[in-house]
Amino acid sequence: MQLVKTIQEVRAQVAAWRREGLTVGLVPTMGYLHEGHQSLIRRSAAENDRTVVSVFVNPIQFGPNEDLEAYPRDIERDKQAVSEAGGDLIFNPDPSEMYPQHFTSFIDTTETTELLCGAVRPVHFRGVCTVVGKLFNIVLPDRAYFGQKDAQQLATIRRFVRDLDFPVQIVACPIVREADGLAKSSRNTYLSATERQAALVLSRSLRLGREAIEQGERSAARVIDIIRTELQREPLARIDYVEVVDFVNIQRVERIEGETLVAIAVYIGKTRLIDNFVWN
């Protein structure tokens, strides 16, 4: 497993692999890797001959009052995590390598980014799509791996790959959770012990919503009400959104039919956490 800092080094290594006839998987990350990231790397390693993991805290997807500087970083820890999971190459560029002076070209999207996180983080998905598009062009992977926890991101990347004819297969991987149900996230490190316990309300409320659907409830409004009611029982929780949308276009639905995403964003103290489930 090797770590490189420049686009030229990545392209040279991938070209060498291609000359050997090897397939290449890509796992884009912002680092501070946990078991959720490792599950993506393992999946890629199982399905491709070589796996590239990008570790890059992408500045252009953070708004002016968001946690860019506070976002956790530990490249030595990340190197160990990638090695354990079977990755072959870490691409860890500096911001100036990805965004040279006078950088002015972006991948922007509509429809899939209007609701959920896109409604409250207006620059976020432009930044996500731009950096992911750049990584696709740098690595030229056969497959790229994304977690379902960032479900709106997954749907948006699928859309721009389709719309712009990127020759890469997008592979969705399930949410990885702690033993008590909390979805794994790099932002969990921000939580105090009390907040960490309070954060369990996210998975608990979603479980109640899923159980209602399993028992035959098809009204999106009713499912939202069940989830919100449970979230409001936790004093440390402040709801950002609770939404039920179709998982292709990320638009609200009145009835739960077809592939449906039930998604929430909740502040526990100052930390914003997201979670979801997909009903098909």
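What is the distance, in nm, between label points placed 7 Å from the Cα along the Cα-to-Cβ direction at residue 169 and at residue 47?
My value for the distance between the label points is 0.6 nm.
If I take R0 = 30 Å and measure r between the Cβ atoms of residue 75 and residue 214 in this structure, what FRET efficiency does the formula 1/(1 + (r/R0)^6) give, to the nearest 0.05?
Result of the calculation: an efficiency of 0.10.
How large is the Rg to Rh ratio of segment 58-145 when both quantities use alpha carbon positions and Rh follows Kirkwood?
Result: Rg/Rh = 0.99.
Rounded to the nearest 20 Debye, what is the dipole magnitude of the chain about its Cα centre when Lys and Arg each give +1 and Asp and Glu each give -1 at the C-beta?
Here the chain has a charge dipole of around 100 debye.
For the chain, take the longest principal axis of its alpha carbons; what is the angle in degrees between that and the long axis of helix 35-47, to the nearest 10 within 0 to 90?
With both axes taken from Cα atoms, the answer is about 50 degrees.
Would you list which aspartates and glutamates come within 17 Å of residue 270, measuring only between C-alpha atoms, while excluding same-chain residues fewer than 8 positions from it?
Reachable aspartates and glutamates: 66, 67, 69, 195, 234, 240.
At a Cα cut-off below 17 Å, give the aspartates and glutamates reachable from residue 5, other chains included and same-chain residues fewer than 8 away excluded.
Qualifying aspartates and glutamates at Cα under 17 Å: 74, 76, 78, 88, 94, 97.
Based solely on C-alpha atoms, express the radius of gyration and the Dmax of segment 1-116 in angstrom.
That works out to 15.5, 47 Å for Rg and Dmax.
Could you check what % of the DSSP bridge pairs in the chain are antiparallel, to the nearest 5?
50
When the Cα centres of segment 1-16 and segment 198-258 are compared, how far apart do they sit, in Å?
Using only Cα atoms, the two centres lie 43 Å from each other.
Taking the 0 to 90 degree range and rounding to the nearest ten, how far is the long axis of helix 75-85 tilted relative to the main principal axis of the chain, both from C-alpha atoms?
Tilt relative to the chain: about 90 degrees.
If you take all C-alpha pairs in the chain, what percent of them are over 28 Å apart?
37
If you line up the long axis of helix 151-164 against the longest principal axis of the chain, both from Cα atoms, how many degrees apart are they, to the nearest 10?
Tilt relative to the chain: about 50 degrees.
For the chain, set up a GNM with springs between Cα atoms under 10 Å and report which of 135, 22, 154 has the largest fluctuation.
22
Values in this text are rule-based calculations from the coordinates and carry no lab data. Note that the coordinates shown come from a computational prediction; the quantities given were computed from them, not determined experimentally. Methodologically, a virtual Cβ is constructed for each residue, glycine included, from the backbone with ideal geometry; neighbour enumeration extends over all protein chains shown.
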